[in-house]
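So the structure is just underneath, and the comments pick up after that.
The values are calculated or read from the model by the stated rules, or taken from the named source; none is laboratory data. All of these numbers come straight from a predicted model, not from anything done at the bench. A quick note on method: Cβ atoms are made from the backbone with ideal geometry, for glycine too, and the neighbour counts reach across all protein chains shown.
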Amino acid sequence: MSGKVRYNQLTEVEKKTYLGDFYSVVALLKNRDEVKNFFKDLLTLSEIVMISRRIQVAKMLLEGYNYDEIRKKLKIGLATISQVEKWLFNGFGGYKKTITEFQKNNKDKKANEFRPAPLSREWTRKKYPLHYLISNLLNKS
């Protein structure tokens, strides 16, 4: 008989085998492209989006957003926000550590990156390069 198998229906040996293999396989991934391709093959697009939205909730919680702000911005239920908060602050620490490290690394990258002010001449040139093709070619010569 096939069907959905629930975690609590598995034996301890099965749980250890399945989860151990999963963690070991994920640990073998070496870079962003390998991670991306692995999860694109493993999960449906809906599952990837669902997990990604949980990460966004975690980031917003760590940035100090309240439930209502998160709910409105991400169009996500309060139960999901509550569950993410529970995992984030009362879990094993991996969620919080990884999201915090991601935010730190992302913040450092953004600080070093030149970003012209929106609607400035530099921003417009970068956003619409073909509109400035002739002047860009003249500037290079």
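At-a-glance table
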quantity: In the range 90-101, the residues that are assigned to a helix (DSSP H, G or I) and free of Cβ contacts under 8 Å to residues at least 24 places away in the same chain; calculated: Asn90, Gly94, Lys97, Thr98, Glu101
quantity: Verdict on Gly20 being in a loop (DSSP other than H, G, I, E, B) and farther than 30 Å from Lys127 by Cβ; calculated: no
quantity: Residue count for the range 100-141, restricted to those that are aliphatic (A, V, I, L, M) and at pLDDT 75 or above; calculated: 5
quantity: Close pairs (7 angstrom Cβ cut-off, 6 or more residues apart or separate chains): part of a helix (DSSP H, G or I) in the range 53-68, among the charged types (D, E, K, R) anywhere; calculated: Leu61/Glu85
quantity: Residue pairs meeting the criteria (Cβ under 6 Å; at least 6 apart or on separate chains; first surrounded by 10 or more Cβ atoms within 10 Å (Cβ to Cβ), in the range 119-141; second hydroxyl-bearing (Ser, Thr, Tyr) and assigned to a helix (DSSP H, G or I)); calculated: Arg125/Tyr132
quantity: Subset tally (residues that are more than 18 Å from Gly94 (Cα to Cα), over 13 Å from the mean Cα position of the chain (by Cα) and not charged (D, E, K, R)) for the range 39-73; calculated: 10
quantity: Condition met for Lys36 (part of a helix (DSSP H, G or I) and within 16 Å of the chain's Cα centre (by Cα)); calculated: yes
quantity: Qualifying residues in the range 61-93 (those that are surrounded by 15 or more Cβ atoms within 10 Å (Cβ to Cβ) and charged (D, E, K, R)) - the one farthest from Val49 (Cα to Cα); calculated: Glu85
quantity: Scope the range 2-35; condition more than 20 Å from Tyr95 (Cβ to Cβ), surrounded by 11 or more Cβ atoms within 10 Å (Cβ to Cβ) and not aliphatic (A, V, I, L, M); matching residues; calculated: Glu14, Lys15, Lys16, Thr17, Tyr18, Glu34
